[in-house]
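I have placed the structure first, in the form of structure tokens, so that the comments after it can refer back to it.
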Amino acid sequence: MKNIVRIEIDPDYEKAGSSGAEGLFQVISIYGYDEDDNRIDLTNKIDQGTFFETYQDVVKEIGLDPDKIDIDY
């Protein structure tokens, strides 16, 4: 697999808010894209029940460096 250069995160703030975790979010899906713009589903690399504070936290959770990758949401 080629290096992932971009991540696309689909966040869910609604469920977190209704659970009393205002300002946090859960991840509906997360996709990585390599240099050739091939899309790779990375959703299975995280626990979708986890609440995250930042998109950088999600990228760290899947083992990537958020300072070396573009993050779309």
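The values are calculated or read from the model by the stated rules, or taken from the named source; none is laboratory data. Please read all numbers here as calculations on a predicted model, not as lab measurements. Positions of Cβ are generated from backbone atoms using ideal geometry, with glycine treated the same way; all protein chains shown enter the neighbour counts.
Out of all the residues in segment 1-23, is one or more without any contact (Cβ under 8 Å) to a residue 12 or more places away in the chain and touching an Asp or Glu at 6+ places or on another chain (Cβ under 9 Å)? Taking every residue of segment 1-23 in turn, none turns out to be without any contact (Cβ under 8 Å) to a residue 12 or more places away in the chain and touching an Asp or Glu at 6+ places or on another chain (Cβ under 9 Å).
Out of all the residues in segment 40-55, is one or more among the aromatic types (Phe, Trp, Tyr), in a loop (DSSP other than H, G, I, E, B) and at negative phi? Yes, that holds for at least one residue. Within segment 42-64, residues that are in contact (Cβ under 8 Å) with a residue 24 or more places away in the chain and within 16 Å of Asp12 (Cβ to Cβ) have Cβ atoms under 8 Å from residues that are surrounded by 13 or more Cβ atoms within 10 Å (Cβ to Cβ) and charged (D, E, K, R) in these pairs: Thr50/Glu61; Phe52/Glu61, counting only partners at least 6 apart in sequence or on another chain.
In segment 1-23, what count of residues is obtained for those that are assigned to a loop (DSSP other than H, G, I, E, B) and either surrounded by 14 or more Cβ atoms within 10 Å (Cβ to Cβ) or modelled with pLDDT under 90 (or both)? Residues in segment 1-23 being assigned to a loop (DSSP other than H, G, I, E, B) and either surrounded by 14 or more Cβ atoms within 10 Å (Cβ to Cβ) or modelled with pLDDT under 90 (or both): 7 in total. Can you find even one residue in segment 59-67 that is surrounded by fewer than 13 Cβ atoms within 10 Å (Cβ to Cβ) and not in a helix (DSSP H, G or I)? Yes, that holds for at least one residue.
Filtered by the rule that a residue be in contact with a strand residue (DSSP E or B) (Cβ under 7 Å, 6 or more places away or on another chain), farther than 22 Å from Lys2 by Cβ and not aliphatic (A, V, I, L, M), segment 17-48 gives Phe25, Gln26, Gln48.
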